[in-house]
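Heads up, the thing below is written out as structure tokens.
The values are calculated or read from the model by the stated rules, or taken from the named source; none is laboratory data. Quick caveat: nothing in here was measured; it's all calculated off a predicted structure. Every residue, glycine as well, gets a Cβ built from its backbone with ideal geometry; the counts of neighbours run over all protein chains shown. With ligands, DNA and RNA removed, areas are computed over all heavy atoms of the protein, side chains included. Shrake-Rupley method; radii C 1.70, N 1.55, O 1.52, S 1.80 Å.
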Amino acid sequence: VQLVESGGGLVQAGGSLRLSCTASGLTFSGYAMGWFRQAPGKEREFVAAITGRTQYDDSVKGRFTIFRDNTKNTVYLQMNSLKPEDTAVYYCAARGALGAIVTPPNKYTYWGQGTQVTVSS
């Protein structure tokens, strides 16, 4: 299984970025997909996840949108109105269950390598 993220970069506060994560080696439609982030010196934290429904951390609600295209084995994270506190390495992850969305990172089996998002003030 391989998850490959792309789309990170440097953006000014108030700007937008779209992250992509393409999966291979698994039956993509059968997996819950999540986005997590980790800032320097902090633990990895939940950002958003999608099964047939979506769930967001309160810190990104109304600004970030997670969506998936099962025909392309890809999950996206559209990030708008970015803030400096959104600066982190963003990871996508896969969990082999389509039931209730779970947020702890240790519930997800497969992980990408991460992509850096830096928001300048």
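What number goes with the only condition from (1) within 24 Å of ASN70 (Cα to Cα); (2) open to solvent by less than 70 Å² (accessible area, probe 1.4 Å); (3) of a type in the set (A, V, I, L, M, F, W, C) that VAL1 does not pass?
Result: VAL1 fails condition (2) only.
Whether any residue in region 9-19 is out of contact with any Phe, Trp or Tyr (no Cβ under 6 Å at 6 or more places or on another chain), surrounded by 18 or more Cβ atoms within 10 Å (Cβ to Cβ) and not aliphatic (A, V, I, L, M) is what I want to check.
Looking for residues that are out of contact with any Phe, Trp or Tyr (no Cβ under 6 Å at 6 or more places or on another chain), surrounded by 18 or more Cβ atoms within 10 Å (Cβ to Cβ) and not aliphatic (A, V, I, L, M), one finds none in region 9-19, hence no.
Restricting to region 3-53, what's the tally of residues that are touching a residue at least 60 places away in the same chain (Cβ under 8 Å), of a type in the set (A, V, I, L, M) and assigned to a strand (DSSP E or B)?
9
Could you identify the single residue in GLY52, GLY25 that is over 18 Å from GLN78 (Cβ atoms), at pLDDT below 95 and among the small types (Gly, Ala, Ser)?
After ruling out the rest, the residue left standing is GLY52.
Could you list, in sequence order, the residues of region 84-106 that are surrounded by fewer than 18 Cβ atoms within 10 Å (Cβ to Cβ) and at pLDDT 95 or above? Spell out how you get there, then give the answer.
At the first step, the residues of region 84-106 found to be surrounded by fewer than 18 Cβ atoms within 10 Å (Cβ to Cβ) are 84-85, 96-100, 102-106.
Passing the criteria: PRO84, GLU85, THR103, PRO104, PRO105, ASN106.
So is LEU77 farther than 20 Å from VAL1 by Cβ and either surrounded by 17 or more Cβ atoms within 10 Å (Cβ to Cβ) or of a type in the set (Val, Ile, Thr) (or both) or not?
Against the criterion (farther than 20 Å from VAL1 by Cβ and either surrounded by 17 or more Cβ atoms within 10 Å (Cβ to Cβ) or of a type in the set (Val, Ile, Thr) (or both)), LEU77 does not qualify.
For region 47-57, what are the residues that are open to solvent by 10 Å² or more (accessible area, probe 1.4 Å) and within 14 Å of the chain's Cα centre (by Cα)? If you could, list the steps in order and put the result at the bottom.
First pass over region 47-57, keeping only residues open to solvent by 10 Å² or more (accessible area, probe 1.4 Å): 50-57.
ILE50, THR51, THR54, GLN55, TYR56, ASP57 - these are the residues of region 47-57 that are open to solvent by 10 Å² or more (accessible area, probe 1.4 Å) and within 14 Å of the chain's Cα centre (by Cα).
Is there any pair with a first residue in region 90-113 that is charged (D, E, K, R) and a second that is assigned to a strand (DSSP E or B) and open to solvent by less than 50 Å² (accessible area, probe 1.4 Å) whose Cβ atoms are under 6 Å apart and which are 6 or more apart or on different chains, and what are they?
ARG95/ALA32
Just checking, which of ARG63, ARG68, ARG44 is under 16 Å from GLY7 (Cα atoms), basic (Lys, Arg) and either surrounded by 18 or more Cβ atoms within 10 Å (Cβ to Cβ) or touching a helix residue (DSSP H, G or I) at 6+ places or on another chain (Cβ under 9 Å) (or both)? Even if it seems obvious, please write down each step before you answer.
Values: ARG63 fails: under 16 Å from GLY7 (Cα atoms); ARG44 fails: under 16 Å from GLY7 (Cα atoms).
Only one candidate qualifies: ARG68.
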